[in-house]
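The values are calculated or read from the model by the stated rules, or taken from the named source; none is laboratory data. Treat the numbers as computed from the prediction; the structure is a model and nothing was measured. Don't worry about glycine lacking a Cβ; one is built from the backbone with ideal geometry, like all the others, and counts go over all protein chains shown. Keep in mind that these areas ignore ligands, DNA and RNA; they rest on the heavy atoms of the full protein, side chains included. Shrake-Rupley method; radii C 1.70, N 1.55, O 1.52, S 1.80 Å.
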Amino acid sequence: MSKKGFIFDLDGVIVDTAKYHFLAWQRLAKTIGVDFSEVQNEQLKGVSRVRSLEKILAWGDKTLSKTEFERLMNLKNEDYLSHVNDMEDSEILPDVTKTLDFLIEKNQAIALGSASKNATPILEKVHLLDKFEVIVDGNDVSKAKPDPEVFLIGANLLKLKPEDCIVFEDSVAGVQAANTANMISIGIGENDVLHEADYIFKDFTEMSQEFLEGLISGDKTKQVKKNLPINN
């Protein structure tokens with residue numbers, strides 16, 4: 001069986017830390033007099049902390065000194081980490097572990113490609129770190145999604161060509177990055193948001209074993225979305 005690289009985003013794909021980001025950004029925005037909605041939060045998914053704060057400031061037509069900007073970024077991260085520190089296995093999203101175990105059983109290469117600078121401690125908290133051969137996170141990249149840098153680094157570390165890699169993403173920026181990298185993009189979320197992805201699933205419970213086998217073999221007749229569990 002051929003070997004492919006499966007690159008997973010973290011927030012909203014493996015664990016639902018996206019809700020913690022939203023709460024932290026919402027609290028921060030309120031302190032500087034900016035209204036911040038869940039709709040706007042969609043635009044921050046897969047985006048670096050610096051760029052996220054820049055967007056919030058632009059929405060509120062606010063400017064900050066460099067010192068205050070740094071202070072607020074640190075404040076947001078502390079708020080976010082206060083939630084992360086209490087994470088446990090139960091916060092892994094449905095059938096993620098089954099999917100990872102299936103790919104490991106099939107001797108496939110697995111990497112993480114995330115904008116988060118807290119990726120490794122989060123994976124440790126939920127006991128998934130040992131399932132990844134490669135971790136590429138916000139500490140390793142200089143360009144944020146939709147730039148494909150994070151995924152291209154992941155493919156390089158896996159020693160695979162970009163066209164032999166498959167990316168799981170929940171953000172528009174992440175899907176665009178995967179597409180730019182010439183990788184297969186699989187959106188995890190809503191069709192109307194992630195319509196640029198090659199395939200879209202609400203979550204991993206919709207992904208069949210046959211579909212994953214089709215990705216591995218390149219057999220497009222198997223790459224059909226079916227509402228079947230991974231262990232079917």
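For the reader, a short list of remarks on this structure follows.
- Counted over the chain, the DSSP beta bridges are approximately 5% antiparallel.
- Point-charge dipole on Cβ atoms (K/R +1, D/E -1) for the chain, about Cα centre, debye to 20: 460 debye
- Once the C-beta distance of N74 and E124 is scaled by a Förster radius of 30 Å, the resulting FRET efficiency is 0.85 to the nearest 0.05.
- Helix 66-84 axis versus longest C-alpha principal axis of the chain: approximately 50°, rounded to the nearest ten.
- Inter-label distance for D61 and D86, nm, one decimal - labels placed 7 Å from Cα along Cα-to-Cβ: 3.8 nm
- One entry in [x] 22; [y] 19; [z] 34 is percent of Cα pairs over 30 Å apart calculated from the shown coordinates; its label is [x].
- Ligands, DNA and RNA are left out, and with a 1.4 angstrom probe the accessible area of region 73-207 is 44 Å² per residue.
- Within the accessible area of region 63-193, the carbon and sulfur atoms contribute 48%, probe 1.4 Å, all protein chains present.
- Of all lysines in the structure, the ones whose alpha carbon falls short of 24 Å from that of K3, not counting any fewer than 8 places away in one chain, are K98, K106, K131, K159, K161, K220, K222, K225, K226.
- Neighbour cut-off at most 13 other Cβ (10 Å), DSSP loop, trypsin sites (Lys or Arg not before Pro), region 117-150: K143
- Under a Gaussian network description of the chain, with springs only between Cα atoms under 10 Å, the residue in V47, V39, V13 that fluctuates furthest is V39.
- Of all lysines in the structure, those lying under 16 Å Cα to Cα from K66, and not within fewer than 8 positions of it along the same chain, are K55, K76.
- Averaging the sequence gap over all C-alpha pairs within less than 8 Å and six or more residues apart, then dividing by the number of residues, gives region 94-232 a relative contact order of 17 percent.
- Coil-residue GluC sites (Glu not before Pro) of region 35-88, DSSP, other Cβ within 10 Å capped at 12: E88
- Per-residue ³J(HN,Hα) for region 7-24, Karplus 6.51 cos²θ - 1.76 cosθ + 1.60, θ = phi - 60°, Hz, x for Gly and Pro: 10, 9, 6, 9, 5, x, 10, 8, 9, 8, 6, 4, 5, 6, 4, 4, 4, 5
- Cα-based equivalent ellipsoid of region 134-207: semi-axis lengths in Å, sorted from largest, via gyration tensor: 21, 13, 11
- The alpha carbons of region 7-133 give a radius of gyration and a Dmax of 16.2, 52 Å, in that order.
- Normalising the average separation of contacting C-alpha pairs (under 8 angstrom, six or more residues apart) by the number of residues puts the relative contact order of region 28-115 at 31 percent.
- Region 131-185 and region 18-45 have Cα centres lying 25 Å from one another.
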